Structures are given as structure tokens and as C-alpha cells.
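Comments concern the structure below.
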Amino acid sequence: MGNPADPGKPTAMDYAALGSILLLGAAVRLWGIRWGLPDETHLFSYHPDEFHSLRGALSLAAGDPNPHFFNYGSLYLYLVAIACNWHAAVIGGADLLTALLKGNTAHAEMAAWVLDARLVVVLCALATVHVSWLTGRQLGGNRGGIIAAGLMAVMPLHALNSHYATVDVPQSLFILLCLYFAVRLVSGITLRDCIWAGIAAGLAASVKYNGALVLLAPVLAVLIAPKDAQAVSPPVWKSIPAMLGAAFGAFALTSPYVFLAWPEAWEHIRFEIEHMRVGESPWQDMYPNGWLFHLHVTVFLAALTLLLCRGRSPAAMAPAAVFALLWFLMIGAAGVRYARYEMPLEVCAPVLAAGLAVWFANRRTAVGAAVIAAFALCLFLSINRCLVLSAPDPRDRMLEIIKTQVPEDETLALIWEPWFNVAPVDYCNGGAALRSNPLFARFKRPVRELLVVGLDAAKLEEAQPYAVLTSEFDLPAGAARVSKPHEAVQQALAARKLTEIGPEPVRPIEMPPARDRSDMHYADPIQQLWILQDRSAPAGDG
């Protein structure tokens, strides 16, 4: 009752099933992979964080191995750099650096590099499916492996974020890999597994610093391993230092400039720490309690705890269960509210699925039907997301509306600088940070005269622009709880005689928790174009 099942040798049917699952996983991740890529109307993609993934590639193209971006670790940045520069040098591709420095446009080159960065994420996602199979087999034999890989292939949050050139999917790969070795360590402590567990944890932290938390899982596995497992070399007092050393080495080798350029790195890390502490408006105002925001994942945690207490392999479940609980506590304590922070919990699903397979082995239960139902539901939700990603983008539709509804000599007001959240009313749509950078500022080409009013209701009233463009990201409509400045701007807009234009985008069928999560709707934001009917009328005048 203490050790995971011996997975045995995979059969040809097992490999065939795994191959089919990987093909399915690739399909739901490549379908819609080109969504929101830069084109002749916008220099940056419609995801707010994707450009940061190119920083390492741009630095390397300029001959500088320092990525000069340390909000996250450097591993994913280097993987993207290798992919983009290899593509350009070997296959022949876009020269983004030259286009940015000397060109009049750079959207084609930017799109090519962003697509390369997204394909790196897809490869990491498929590798995660494979590690799920390995983990599932370790816990539940061949059947557990197929169940784990099948569910991982269609997990909606993971499938959606696999379309984005961001760090969350790569980090989840290394977190799951570390958990896999933690499961192995419970059944038998070997120096090799200790080192590989440490390397995986170090790589998880090198993608995103908080991934270091997963190192606690293999450490716990070594401490709780049965005495017969601990009797195998090496002893505990050697195993844990080897693991810690491997983790530090893997991090240092793949994020070297965190140490070599520490003053610069610390500035970015300190900013990220403060950002996570303070949070972002309006989402923190709408969801002041982070644990309630992520409350639905407690269902998963409860099931994992049940397996820990009642299942056939409690020791094998313990490392993943403890990690999942600590991760939940960590993301709930943060001030930033994003669904993607739950992804390391989602990739723990193979542990849950394989544990269920072991627990219910040889019992007359409906576990098979439950697994099939869960798979069908996840596949349905993932396909719905793919339909949105492959559909015409609502920002492009809104841009056409603006061109027809706002005269060329009139002013269009915005809450934020032109960014991902609204139609590309300026070719340089990178938000305040990138638009203030001289390298990108020269690409500014607004379609109308723009005025950024922020959350200053008085400035909006004084300026009296012809139209105001907002979105659910900067000014969420119908929210029960927003900040005072948000409320003041909403009241100012409502007080004037405005006509609201902009039909809601077609949105996928979703489980309730996803509906109010901002990062679930990067591909289909709700936008409003407010047209002023009587510019000479005072505010509130009927």
C-alpha cells in the first residue's frame, strides 16, 4: 500500500495510443495558432506579454547574450532566441532587428518571430503530454498513463495558453517533470533521480522564478520514502544536497545574467515582486480575495487529498498534494488575478487521474464513464476556444467601425495607450511602455487623433472628444465592484448623451469560473465605442 505500481513495459498498443493522443494534443494547440499576429494594421500581437518573449532573441541577434529582461527567468527567452535565429540563419526568415532599426514597417518580421515563439510553446505542451504519460504509468500502470496523457492533451486552460508565446506552459512542463521524479523517488531513492528532480526544478525556476517551489516535492519524497527505499544508496543526507545543487546549477546555467547582471536583474525582479503584491486594477478591485478567485481549484485539491488519505498509493500522492496546496496558497496571496496561474495545478491532473485508476482498480465503479465524460468535456471546451482563436478578431472589426463612424478630423479618446485590449487605432499598439521606447515610437501612425484620458473623469469632460473607445480590460461594464476612478469615468460616460457601438464578440461556451477571468479573453475582448451625440451639451444635461 505504500509504493506506486510497477508500470511494466509499454506495448505496441500503448505507443499507438500515445501517438494518437499527441496528435490530438497538437491539433487543439495548432488550430488557431496564428490568431492576433501582427499585420499591416498593428506592429505587436494582440497578447500583452508576447513581445517580452522576443527580448532574448533580439539581444542575441544584436550579439548580446544578456536578455535585459528579468521579470522572469531567461530559459524560455533563450529557447525562443535559438528558434528565431536558427530559423533566420538556416531556413531563411525574417530579420526583425534590421526591420526595427531601419525599416518603415516591421509587422511581417514581428509576426514571423512571434509565430516561432508560439511553436516553441507548442513543443513544450506536447512534451508535457508525454511527461503526463510517464507520470501516469508510474502511478497507475499503462492504463494510468493513457488516462493521464489523454486528459492532459485536452485540458482547456493548458490548450488555450499553448497558443501564446508566454512562459506559463514551458514552466508547467518542468514542474510536472519534477513531480514525475518525485513519484519515482518515493518508490526508490537513486542519485540519478535526485539530480534529475533538481534539474527539473531549476529549469522551472529558470522559466519563471516561482517554479522553484516545486523543489519541495522531491525533497519531501526523499524524506517520506519507505525505509526499504531509503536503504538504497545514496543516504538522505547526500540525496537532498545533490538535488539542491542540481537545481541551482540548472538555474545558473540557463539564467546566467541574473547573477552576471545582478543590479539590472534586481530592478526587474523587485518590480515584479511589487507588482504581485499590489495587484492590477480593475481586477483586484473586482476580486479582492485571491483564494476565492481560485476557489474552484479546491475541488481538485480535495480529490487529491482524498487520494492521499484513502488511496492505494498515499506516499506517492504526498509530494504532488503538498506542492498543489502550497501553490494554491501562493497564487491566492498574490495581488494579481490571472487564471493562468492555476496551470501548475492543472498539470497535476495526471497524478489525480492515475491515482484514481489505481484506487478503483478491480472495483465495480463508474470510473471509466467518469474519465470518458471528463475527457469529452475538456475536449469540447478546448474546441470552443479554438473556434474563437480561428475566427475574425473583434479588434479588427472594431477598427473598421471606427473608420466609418469617427470622422478623420475628430479626436478619439482612450483609457490606456493603444494596446492589446482595443482595436489597433495606432500601428504601434504596444501600450505605454513600448510606445515610449524610441525604437518603437517612430512607428506611431494613429488612424485618428488620439487622446489618452486614463481614469480622469474631469479630463474626459473637459476634452469632450468625439468618441471614446473602451474595453472590458480598462473599463469593465456591469462589474459589481470597481475602484472610485473607474466608477467616475463610467458615470461621466453615462451622463453624456452617447451612443454605444460594438456588438459583443461571439464567445465560447465556458465553465462559470472562466467567464470572469481576464486572461481567458485575450482573443475575444468586449469593446465599446461611445459616440458623442451633442458635443455642445453640458454633462448630465437631458
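The values are calculated or read from the model by the stated rules, or taken from the named source; none is laboratory data. In this text, all values refer to a predicted model and were calculated from it rather than measured experimentally. Heads up, the Cβs are rebuilt from the backbone with ideal geometry, glycines too, and the neighbour counts pull from every protein chain shown.
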Filter result (touching a helix residue (DSSP H, G or I) at 6+ places or on another chain (Cβ under 9 Å) and of a type outside the set (D, E, K, R)) within the stretch 256-265:
257, 258, 259, 265
Name, by its number, the condition in (1) under 33 Å from the mean Cα position of the chain (by Cα); (2) surrounded by 13 or more Cβ atoms within 10 Å (Cβ to Cβ); (3) farther than 24 Å from residue 521 by Cα; (4) not polar (S, T, N, Q) that does not hold for residue 438.
(2)
Under 6 Å by Cβ, and 6 or more places apart or on different chains, what pairs join a residue from the stretch 173-184 that is in the same structural domain as residue 195 (by TED's automatic domain parsing) and crowded, with 24+ Cβ neighbours inside 10 Å with one that is among the acidic types (Asp, Glu) and in a helix (DSSP H, G or I)?
181/193
Quick check on my filter: what residues within the stretch 368-385 are over 20 Å from the mean Cα position of the chain (by Cα) and surrounded by 15 or more Cβ atoms within 10 Å (Cβ to Cβ)?
371, 374, 375
Take residue 125 and tell me if it is buried (at least 24 other Cβ atoms within 10 Å of the Cβ), over 20 Å from residue 76 (Cβ atoms) and at pLDDT 95 or above.
no
Select, from 422, 388, the only residue that is modelled with pLDDT of 95 or more and crowded, with 19+ Cβ neighbours inside 10 Å.
422
From the option list 18, 23, single residue qualifying as in contact with a helix residue (DSSP H, G or I) (Cβ under 8 Å, 6 or more places away or on another chain), not in a loop (DSSP other than H, G, I, E, B) and not basic (Lys, Arg) is 18
Tell me, which residue of the stretch 285-339 that is farther than 30 Å from residue 477 by Cα and basic (Lys, Arg) is modelled with the lowest pLDDT?
312
Scanning the stretch 128-148 for residues that are among the hydrophobic types (A, V, I, L, M, F, W, C) and in contact with a Lys or Arg (Cβ under 9 Å, 6 or more places away or on another chain), which turns out surrounded by the most Cβ atoms within 10 Å (Cβ to Cβ)?
148
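Looking at the stretch 442-451, which of its residues are touching a residue at least 24 places away in the same chain (Cβ under 8 Å) and either part of a loop (DSSP other than H, G, I, E, B) or buried (at least 22 other Cβ atoms within 10 Å of the Cβ) (or both)?
443, 447, 448 - these are the residues of the stretch 442-451 that are touching a residue at least 24 places away in the same chain (Cβ under 8 Å) and either part of a loop (DSSP other than H, G, I, E, B) or buried (at least 22 other Cβ atoms within 10 Å of the Cβ) (or both).
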Residue 11 - would you say it is within 27 Å of residue 399 (Cα to Cα), in contact with a helix residue (DSSP H, G or I) (Cβ under 9 Å, 6 or more places away or on another chain), among the polar types (S, T, N, Q) and surrounded by fewer than 21 Cβ atoms within 10 Å (Cβ to Cβ)?
no
Residues of the stretch 44-84 that turn out to be assigned to a loop (DSSP other than H, G, I, E, B) and either of a type in the set (D, E, K, R) or under 28 Å from residue 276 (Cα atoms) (or both), as a count:
17
Residues being assigned to a loop (DSSP other than H, G, I, E, B) and without any contact (Cβ under 8 Å) to a residue 24 or more places away in the chain: count how many of those fall in the stretch 422-441.
2
Filtering the stretch 108-161 down to residues that are among the β-branched types (Val, Ile, Thr) and in contact with a Ser or Thr (Cβ under 9 Å, 6 or more places away or on another chain) yields 114, 120, 121, 122, 128, 154
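Report yes if residue 149 is in the same structural domain as residue 375 (by TED's automatic domain parsing) and assigned to a helix (DSSP H, G or I), otherwise no. Full working, then the answer.
Details: in the same structural domain as residue 375 (by TED's automatic domain parsing): yes; assigned to a helix (DSSP H, G or I): yes.
Yes; evaluated as a whole, the condition is true for this residue.
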Qualifying residue in the stretch 92-111 (condition: more than 23 Å from residue 437 (Cβ to Cβ) and assigned to a helix (DSSP H, G or I)):
yes
Looking at the stretch 452-488, which of its residues are assigned to a loop (DSSP other than H, G, I, E, B) and among the aliphatic types (A, V, I, L, M)?
453, 455, 475, 477, 479, 480, 482
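Conditions (1) touching a residue at least 40 places away in the same chain (Cβ under 8 Å); (2) closer than 22 Å to residue 338 by Cβ, marked per residue:
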position	(1), (2)
239	yes, no
248	yes, no
263	no, no
270	no, yes
277	yes, yes
282	yes, yes
287	yes, yes
290	yes, yes
296	yes, yes
Please pick out the residue among 163, 158 that is in the same structural domain as residue 344 (by TED's automatic domain parsing), in a helix (DSSP H, G or I), under 30 Å from residue 46 (Cβ atoms) and under 25 Å from the mean Cα position of the chain (by Cα).
158
